[in-house]
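Accompanying notes for the structure given below.
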Amino acid sequence: MLIYRQSVVQVRGTSEAAKVLLEHVDLEKVEIQSLKEHEPIVLKKYTPSMRHELVLMTLQKGEETLQIKHSITKLGIADAEEIASIMRQADPEWWSETTTQHITEGMDDRLWLGIKINGKLVSIGNTRLTDWGSNIGVIATHEAYRNMGYAISIVSALVKEILQKSDLALIHVLSDNLPAIRAYEKVGFKPYRSYFFAHATRRHL
């Protein structure tokens, strides 16, 4: 079990291990991720305000089918306001509280790439590059510019950067987001494992 910033909880292992580990979590509010089979155990202790099934997709070097069909721009602090705006508009449930400051504070340790049309940022993505494998954390496209292949180009460009540093790329996607899953599969990602994810508040009996 990993607890990050006293709010983000990651649980792995057998169901019996998850039960024992969760007994030691003394947080009122959590953003929790565990194996799908742990969901009943989590719900005995926490009441979710939002919950989803996430699919972890992986891509090993040599399996990539990169499709970079649009001009990609490396983004910086000057783009932070537009990045935050696209994220809030693309998925209010996940990113409604994303601010320019949040994006700016994380710029140093993340690679942000984007597509601009007539000077306007319309599609974005990011990753944190590591030696063992990198997770693509954000993929978002402005509503008016979807279904044009921009996300596939962004994901492809990020995978290209990742595979220059390691042999593994990862991405998480909601299990019911079939268009995104199909787009990632076109680049070479394959479903690996499903996870339970929730924002939740501790139950008081």
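No lab work stands behind these numbers, since they all come straight from the coordinates. Owing to the predicted nature of the structure, the values given are computational and were not obtained by experimental measurement. Counting neighbours? That spans all protein chains shown, and the Cβs are built from the backbone with ideal geometry, glycine included.
State the antiparallel share, in %, of DSSP beta bridges confined to the chain, rounding to the nearest 5. Could you put the intermediate results ahead of the total?
Details: 43 of 50 bridges.
In the chain, approximately 85 percent of DSSP beta bridges are antiparallel ones.
Ordering 48, 25, 3 by the projection of their Cα atoms onto the charge dipole of the stretch 1-134, which places +1 on the Cβ of Lys and Arg and -1 on the Cβ of Asp and Glu, puts 48 at the extreme positive end. So which of 120/160; 19/186; 29/165; 29/160; 69/120 end up more than 26 Å apart, counting from Cα to Cα? Violating the 26 Å limit, Cα to Cα: 19/186; 29/165; 29/160.
Roughly how many debye, to the nearest 20, is the charge dipole of the chain about its Cα centre, given +1 on each Lys and Arg Cβ, -1 on each Asp and Glu Cβ, and no other charges? Don't skip to the end; give the middle numbers.
Working: 25 positive and 25 negative charges, 63 e Å.
Dipole magnitude for the chain comes out near 300 debye.
Dividing the convex hull volume of the alpha carbon atoms of the chain by its residue count gives 126 Å³ per residue. Helices assigned as whole DSSP H runs in the chain whose Cα atoms extend at least 18 Å along their own long axis and whose mean Kyte-Doolittle hydropathy is 1.6 or higher are found at 150-163.
Looking at the calculated P(r) for the stretch 95-146, what percent of the C-alpha pair distances fall above 14 Å? The proportion of pairs with Cα distances above 14 Å equals 61 percent. Computed on the Cα atoms alone, the convex hull of the stretch 70-156 gives a volume of 96 cubic angstrom per residue.
Per DSSP H run of n ≥ 4, the term is -39500 (n - 2.57); total these for the chain, divide by its residue number, and report the mean residue ellipticity at 222 nm rounded to 500 deg cm²/dmol.
Per the formula, -8000 deg cm²/dmol.
Net charge in the neighbourhood of residue 89 (other residues with Cβ under 14 Å of its Cβ; Lys, Arg +1, Asp, Glu -1) is -3.
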